[in-house]
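All of the numbers you see were taken from the coordinates with simple rules; none came from a lab. No experiment lies behind these values; they were computed from the predicted model shown. When we count neighbours, we look across all protein chains shown, and the Cβ atoms used for this are built from the backbone with ideal geometry, even at glycine.
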Amino acid sequence: MDMLENIKEDIKRRCISPDNFFGEGSYSHIESVANNAVELARLYQADVEVCELAGWLHDIASITDYKLYEDHHIHGANMAEEILKAYNYPTDKIQLVKLCILNHRGSVLKEKTTREEICVADADAISHYDTLPSLFYLAFVQRKLNIDDGIEFVKNKLERSYNKMSEQSKEYYQHKRAMIQALLK
């Protein structure tokens with residue numbers, strides 16, 4: 001089995017662990033980020049492999065230990081480095097994966113200096129459009145919102161996510177946004 005398949009299995013194990021605060025639905029989010037990161041890497045002519053690895057590893061700290069959530073981008077970058085070093089992955093590419101993980105969070109605004117960082121950060125933002133059930137779970141089960149407040153919460157989360165993306169990615173994903181907006185009317 002190759003490195004990527006091993007990493008996917010490791011992420012799956014961490015996601016389904018009873019210790020994962022975010023629940024096994026977090027796997028769908030991570031898978032969506034990785035898939036969108038690959039799609040955007042091709043669009044931006046970025047390093048597809050780096051974007052895919054960063055997509056799979058971007059939330060590793062959060063799903064491993066909720067206490068790491070606040071700084072999961074920092075802890076995750078360090079965890080990714082250790083994992084990739086164990087596979088003798090090239091040092092320069094490890095540094096790029098780490099940079100993508102460090103700068104993937106929309107709530108921690110850092111300048112993105114590489115195409116790969118943009119791809120992973122935008123993939124993280126658009127993933128919420130792919131994983132609506134998780135957002136509804138958060139609104140109605142975890143936050144115990146009523147129907148109107150829950151739908152408003154989901155709409156606002158989606159809009160914030162979309163607005164955090166680069167202009168090129170906003171344009172690229174405008175069809176997905178329009179489809180979901182129509183669904184939520």
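Write out the GluC sites (Glu not before Pro) in region 77-131 meeting two conditions: DSSP loop, and at most 11 other Cβ atoms within 10 Å of their Cβ.
In loop regions of region 77-131 (DSSP not H, G, I, E or B), the sparsely surrounded GluC sites (Glu not before Pro) are E111.
When every Cα-Cα distance of region 27-122 is counted in 5 angstrom steps from zero, the calculated P(r) takes the values 3, 17, 27, 27, 19, 7, 1, 0 percent. Over the chain, Cα pairs under 8 Å with separation of 6+ residues give a relative contact order of 20 percent.
Dividing the summed -39500 (n - 2.57) terms of all DSSP H runs of n ≥ 4 by the residue count of the chain sets its mean residue ellipticity at 222 nm at -21500 deg cm²/dmol. The angle between the Cα long axis of helix 91-102 and the main principal axis of the chain comes to about 20°, on a 0 to 90 degree scale. Within the listed set N146, N78, N35, the Gaussian network model of the chain (springs between alpha-carbon atoms below 10 Å) gives the highest mean-square fluctuation for N146.
Normalising the Debye intensity of the chain to I(0), with uniform scatterers on Cα atoms only, and taking log10 at q = 0.13, 0.15 Å⁻¹ returns -0.64, -0.86. Multiplying the residue separation of N88 and E111 by 0.36 nm and subtracting their alpha-carbon distance yields 5.4 nm. Backbone N atoms of region 27-54 closer than 20 Å to the 7 Å Cα→Cβ label point of K12 belong to residues 27-38, 52-54.
Loop-resident trypsin sites (Lys or Arg not before Pro) (DSSP state other than H, G, I, E or B) in region 109-157 with no more than 14 further Cβ atoms inside 10 Å of their Cβ: K110, R143, K144. Taken over the Cα atoms of region 88-185, the convex hull encloses 116 Å³ per residue. Length gained on full extension, L184 to N35: 51.2 nm, using 0.36 nm per residue less the C-alpha separation.
To the nearest 10 degrees, how steeply does helix 72-86 sit against the main Cα axis of the chain, on a 0 to 90 scale? Once rounded, the angle reads 40 degrees. Here the relative contact order of region 99-185, from alpha carbon pairs under 8 Å that lie six or more residues apart, stands at 27 percent. Once the Cα atoms are used to define both axes, helix 26-44 deviates from the longest principal axis of the chain by about 70 degrees.
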